[in-house]
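Report on the following structure.
Throughout, read-outs are computed from the coordinates displayed, never taken from laboratory work. It should be emphasised that the depicted structure is a prediction, and the values quoted were computed from it without experimental measurement. A quick note on method: Cβ atoms are made from the backbone with ideal geometry, for glycine too, and the neighbour counts reach across all protein chains shown.
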Amino acid sequence: MSELIYLDYAAATPVDADVLAAMQPYFSEKFYNPSATYLQAKAVRKDVEAARHKVAQTLGVRPSEIVFTAGGTEANNLAIHGIMSKHPDAEVVVTAVEHDSVLKSAAEHSHSIAPVLPNGRLNLRALQKTITDATLLVSVMLVNNEIGTLLQVSDVAEIIANVREKRAARGITRPIYLHTDAAQAPLYFNVQPVKLGVDLMTLNGGKIYGPKQSGMLYVKTGVQLSPRIVGGGQELGRRSGTENVASIIGFSVALEKAAARYQQAHRAMYELQRYFLQGFGENIPTAVVDGDRKHSTPNNVHMTFPGVDNERLMMELDEAGIICAEGSACSASSDEPSHVLKAIGLSDETARSTLRFTMGRSTTKAHIDYVIATLQKLLANY
């Protein structure tokens, strides 16, 4: 096949044409600093706030609950450190499969790590046991970025609500909050915070056909958050720095489009996922599916190829015009096996035999046929 087949949409998505068109004026004629006081700058300020209202309306929340950030990593850092910094005696609970930005932020505070099951889903009973009277924050991602598993955030919200009731009955005043990193979810799931039952939520524009280094943190009214970046007091004092107006505008359009089509996109991608897995089952039966196929994002196909060096196989696929991933792009430079794969019980050797294929809007059945055929040829040499 002459065209490049890109199957790493969990790492990055191309910017949607409508998103790019909406951003373009803010690189040229609308370049003004929205914090300035002259008329042109005030007009740009109105555009920023219109984007905030659009995001809030899409998510079913208040505009004041939206904090624009430079991507998901910053939003996760703000959520963890912003909540924990004023409570040195408190604890944060995170799952073993969280993004590194959550795990490394939690590691700077008193923390506990909740285990997951071999399919990557939460062990809810084990999670409950990790929550103590010292717990101030629980962070559970919605969709895992490596194996695609959908975690039970709404169930955790019920657990948190029960903890609040019991604390109130015992006269314990310490609050408890729930944060979710939903960066991988908006294209295929409803991510409205009220539906999920969360107090804080991270989104990332670069995963939803928006610009990289764009995103947001939802902060429910009443949640006290300390800023990580101080200065001019932008974003209601929660994130200082001159606003990246083009990225904010682009993010708002990308999120609006994702929310409008997520159900249709889920159905279409689910059919492609089924076709992909059927291709593996019929042509490469030795390959093993990782994660939970019943509870997963429909664009992720994570496979183990027993006895195969995944780095070598990925390079061979690259030479054949197929782009996929060994795991998370954020930790691609590390020689250590993925912490997610180790958390679901894979040995170091097995973890080094896995590849992640994540599909997107341009993926077709013809692409999948070519990938399966190419893998058959390559694996015959192992």
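Quick notes
- In this structure, the amide hydrogen of Thr95, modeled 1.01 Å from its nitrogen in the peptide plane, lies closer than 5 angstrom to those of Ala114, Ser139, Met141, counting only residues at least 5 positions away or on a different chain.
- Angle in degrees between helix 245-283 and the longest Cα principal axis of the chain, rounded to the nearest 10: 30
- Residue exposure sequence - His53, His99 - by fewest surrounding Cβ within 10 Å: His53, His99
- If R0 is 45 Å, the Cβ-Cβ spacing of Glu282 and Asp133 corresponds to a FRET efficiency of close to 0.25.
- Distance histogram in 10 Å bins (all Cα pairs of region 5-124, percent per bin): 10, 25, 31, 22, 10, 1
- Separation of alpha-carbon centers, region 268-328 and region 1-47, rounded to whole Å: 32
- Full extension of the segment from Gln263 to Glu3, taken as 0.36 nm per residue of separation minus the current Cα-Cα distance, would add 90.7 nm.
- Each of Ala373 and Gln57 was given a label point 7 Å from its Cα along the Cα-to-Cβ line. The distance between the two points is 4.8 nm.
- Sequence-separation-based contact order of the chain, relative, with Cα cut under 8 Å and 6+ spacing, percent: 23
- Selected from Thr130, Thr73, Thr286 as most flexible by GNM, with the chain as the system and alpha-carbon contacts under 10 Å: Thr286
- Each residue in Met141, Met314 was given a count of other beta-carbon atoms within 10 angstrom of its own, and listing them fewest first yields Met314, Met141.
- Most mobile of Glu91, Glu311, Glu74 in a GNM of the chain (Cα contacts under 10 Å): Glu311
- Couplings 3J(HN,Hα) for region 284-294, derived from phi with the Karplus relation 6.51 cos²θ - 1.76 cosθ + 1.60 (θ = phi - 60°), are 9, x, 6, 6, 10, 7, 9, x, 10, 5, 6 Hz, where x marks Gly and Pro.
- Distance (nanometres) between label positions extended 7 Å along Cα→Cβ at Tyr382 and Ala126: 2.7
- Rounded to the nearest Hz, the phi-derived 3J(HN,Hα) couplings of region 366-382 under the Karplus curve 6.51 cos²θ - 1.76 cosθ + 1.60 (θ = phi - 60°) are 4, 4, 5, 4, 5, 4, 4, 4, 5, 4, 4, 5, 5, 5, 5, 8, 9, where x marks glycine and proline.
- Shape of region 17-258, Cα gyration tensor, a/c cut at 1.5: prolate
- Neighbour-count order for Thr242, Thr149, fewest beta carbons within 10 angstrom listed first: Thr242, Thr149
- Interchain or long-range residues, amide H under 5 Å from His111's placed H: Val92
- Positive minus negative residues near Asn244 (Lys, Arg vs Asp, Glu; Cβ under 12 Å): -1
- Sequentially through region 123-129, phi angles give Karplus couplings (6.51, -1.76, 1.60; θ = phi - 60°) of 8, 4, 5, 5, 4, 4, 5 Hz, Gly and Pro residues having no value and appearing as x.
- 11 Å beta-carbon shell around Asn145, net charge (K/R +1, D/E -1): -2
- Taking a point 7 Å from the Cα of Ala36 along the Cα-to-Cβ direction, none of the residues of region 232-255 has its backbone N closer than 11 Å to it.
- Secondary-structure-derived ellipticity at 222 nm for the chain, considering helices only, amounts to -12000 deg cm²/dmol, per-run term -39500 (n - 2.57) for DSSP H runs with n ≥ 4.
- Cβ-based charge dipole, region 17-258, positive-most Cα from Pro115, Thr149, Met84: Met84
- Helix 153-169 and the long axis of the chain differ in direction by around 40°, with both axes built from C-alpha atoms.
- Of Ala106, Ala41, Ala183, the residue with the greatest mean-square motion in the GNM of the chain, using alpha carbon springs below 10 Å, is Ala41.
- Long-range HN-HN contacts of Asp8 with modeled amide H, under 5 Å: Thr358
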